[in-house]
Structure formats: structure tokens, C-alpha cells
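Chemist: I'd like to ask you about the structure that follows.
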Amino acid sequence: MNQILIVEDEDRIAAFLAKGLRAAGFPAVTEASGVAGAHKALSGEYDLMILDVGLPDVNGFEVLRRVRAQGSRIPVIMLTARSSVTDTVKGLEYGADDYIAKPFRFEELVARVRRRLRRESPSEASLVLQHGKLKLDLRTHKASLSGREVDLTAREFTLIETFMKHPGDVLSREALLSAVWGYDFDPTSNVVDVYVRYLRNKLGADVVETIRGSGYRLS
């Protein structure tokens, strides 16, 4: 059964989250310290972390940075009153899978938790994706091109992983936002275009093809 880690220093909110998640069928543990929260997230005992930004010792961004720096891919949903575009982008850049601003609707949070956990256990074969000279190792979160390791951010890795799991498919910007960012950006946002450009700079100009008026496709 999926175990949820809640890193939140406000007792009232932490208790509310834990009680609601348990009622929805998710065992939940709370932690008020960012340092201890990072340690628990890396323990391998939890399947998802709900993370506040304003913590008493180190903030949630630093917790997330430490967790991702250790190679952990535990799904992280940031739940915070800091709702500015700058903070949202920062959280996603650091490797958050989702970002929800307070106040929030609990039903929406549960839906997003379920979505992040709705993954089948991958087989060994599916842990390595390859397309031409490009290879992704989903276990180590490493990418290589013609045998040379390429340094990708967590978001860049997830974006190219999405393309490689849908070879030949044209993926719209909206579909990519949903699959990679899991956050309802302003429809006028160009974040997908920006990250496609990052991938082209690192993996080759022809790695992703632009389908005018429709979206993008793995070349």
C-alpha cells in the first residue's frame, strides 16, 4: 500500500492532510523538519512526498534539491502558500512533479496524488529507453548520446522520456504540460518551447521535430 510523507510544519494543516489521505486509503506520516523530511524521503519507505516551502530549518526548495541531488525520483507535490510564478517555476525546476497553491481543494490534491501513484511497476526491459543513438536509463536517471553521458535536468529528462515513450506520436503542448509538469500553466506559456530548445541544444538540433500547428514529435 502506498505510503505518503507529508513535510509540513503547521500542525493543523499536517493533521488535516494526514487524516484526509488516510480516509482516502493512503497511509500518511507527517514531519515538521525539512532536514528530517529529506532524510525520510531518501529512506525508500515512502511512495510520494507532499512538501511545504516554509519550513523552520531549511525551506522546501532546499529539501527538494537535496532529494533530487541524491538521485531520488520519489514523486513530490509541493503544497504551499507561495503561489507566485517565480516560486512555481523554481519548484518545478528543482524537480517537483506538481505544485499546488494554498488554499486548495482537498479533492484536487487527492486526485493529483492518485495520478502520480498510478504507475505500474516497470520491468527491467522498460527501465532503459533507446532511440537511435540516444539512450535513457530510468533507474539511474542518466542520458547518453552515442555512448557519451549528457547532463540533463530533471525536467529535461522527463520531457525527452515522454517523447521516447511515444515514438512517432505528435504531442501537443497541452499534452506535454500535463505529462511533464502536471500543472495548469497559463495557455500562453512557452515553457514547452523553451525546454524543447534546451533538449535540442544538448541532444542535437534534430532530436525533436516541430509539427506546425500541432506540437512536437521525436525525430
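The values are calculated or read from the model by the stated rules, or taken from the named source; none is laboratory data. Keep in mind the model is a prediction, meaning the values are calculated, not measured. Every residue, glycine as well, gets a Cβ built from its backbone with ideal geometry; the counts of neighbours run over all protein chains shown.
Chemist: Please verify whether Thr88 is over 15 Å from the mean Cα position of the chain (by Cα), outside any loop (DSSP other than H, G, I, E, B), surrounded by 16 or more Cβ atoms within 10 Å (Cβ to Cβ) and of a type in the set (Ser, Thr, Tyr), treating the condition exactly as stated. Quick ask: steps written out before the conclusion?
Modeler: Working: over 15 Å from the mean Cα position of the chain (by Cα): no; outside any loop (DSSP other than H, G, I, E, B): yes; surrounded by 16 or more Cβ atoms within 10 Å (Cβ to Cβ): yes; of a type in the set (Ser, Thr, Tyr): yes.
Here the answer is no, as Thr88 does not meet what is asked.
Chemist: Any idea which residue in the stretch 100-114 is nearest to Val180 (Cα to Cα), counting only those that are modelled with pLDDT of 85 or more and charged (D, E, K, R)?
Modeler: Among residues in the stretch 100-114 that are modelled with pLDDT of 85 or more and charged (D, E, K, R), the one nearest to Val180 (Cα to Cα) is Arg112.
Chemist: Step by step: first the residues of the stretch 204-219, then only those that are of a type in the set (A, V, I, L, M) and in contact with a strand residue (DSSP E or B) (Cβ under 9 Å, 6 or more places away or on another chain), then the one that is surrounded by the fewest Cβ atoms within 10 Å (Cβ to Cβ). Which residue is that?
Modeler: Of the residues in the stretch 204-219, the ones of a type in the set (A, V, I, L, M) are 205, 207-208, 211, 218.
If we keep only those that are in contact with a strand residue (DSSP E or B) (Cβ under 9 Å, 6 or more places away or on another chain) too, we end up with 207-208, 211, 218.
On the way: Val207: 20, Val208: 22, Ile211: 12, Leu218: 20.
Here the answer is Ile211.
Chemist: Tell me the residue from Gly37, Gly71, Gly44, Gly54 that is closer than 21 Å to Leu109 by Cβ and either in contact with a Pro (Cβ under 6 Å, 6 or more places away or on another chain) or in a loop (DSSP other than H, G, I, E, B) (or both), please.
Modeler: Details: Gly37 fails: either in contact with a Pro (Cβ under 6 Å, 6 or more places away or on another chain) or in a loop (DSSP other than H, G, I, E, B) (or both); Gly71 fails: closer than 21 Å to Leu109 by Cβ; Gly44 fails: closer than 21 Å to Leu109 by Cβ.
Checking each option against the conditions leaves just Gly54.
Chemist: Considering each of Glu124, Glu120, Glu174, Glu161 in turn, give the residue that is surrounded by 13 or more Cβ atoms within 10 Å (Cβ to Cβ), out of contact with any Phe, Trp or Tyr (no Cβ under 7 Å at 6 or more places or on another chain), modelled with pLDDT under 85 and not basic (Lys, Arg).
Modeler: Exactly one of Glu124, Glu120, Glu174, Glu161 is surrounded by 13 or more Cβ atoms within 10 Å (Cβ to Cβ), out of contact with any Phe, Trp or Tyr (no Cβ under 7 Å at 6 or more places or on another chain), modelled with pLDDT under 85 and not basic (Lys, Arg), namely Glu174.
Chemist: Report, ordered by the first and then the second residue, all pairs with beta carbons closer than 6 Å, sequence separation of six or more or different chains, a first member in the stretch 37-66 that is in contact (Cβ under 8 Å) with a residue 40 or more places away in the chain and within 18 Å of Ile100 (Cα to Cα), and a second member that is surrounded by fewer than 24 Cβ atoms within 10 Å (Cβ to Cβ) and basic (Lys, Arg).
Modeler: Filtered contacts from the stretch 37-66: Leu48/Arg116.
Chemist: Same structure again: For the stretch 1-34, give me the residue count where each residue is assigned to a helix (DSSP H, G or I) and either within 19 Å of Arg116 (Cα to Cα) or of a type in the set (Gly, Ala, Ser) (or both). So that I can check it myself, show each step before the final result.
Modeler: Going residue by residue through the stretch 1-34, those that are assigned to a helix (DSSP H, G or I) are 11-23, 34.
Remaining after also requiring either within 19 Å of Arg116 (Cα to Cα) or of a type in the set (Gly, Ala, Ser) (or both): 14-15, 17-18, 20-23, 34.
Summing the residues that are assigned to a helix (DSSP H, G or I) and either within 19 Å of Arg116 (Cα to Cα) or of a type in the set (Gly, Ala, Ser) (or both) in the stretch 1-34 gives 9.
Chemist: Kindly evaluate Met49 against the criterion of being modelled with pLDDT of 95 or more, within 23 Å of Thr162 (Cβ to Cβ) and outside the structural domain of Phe157 (by TED's automatic domain parsing).
Modeler: Details: modelled with pLDDT of 95 or more: yes; within 23 Å of Thr162 (Cβ to Cβ): yes; outside the structural domain of Phe157 (by TED's automatic domain parsing): yes.
It is true that Met49 is modelled with pLDDT of 95 or more, within 23 Å of Thr162 (Cβ to Cβ) and outside the structural domain of Phe157 (by TED's automatic domain parsing).
Chemist: Could I ask something else about it? For the structure I just gave you, tell me whether Val63 is in a helix (DSSP H, G or I), crowded, with 19+ Cβ neighbours inside 10 Å and more than 13 Å from the chain's Cα centre (by Cα).
Modeler: yes
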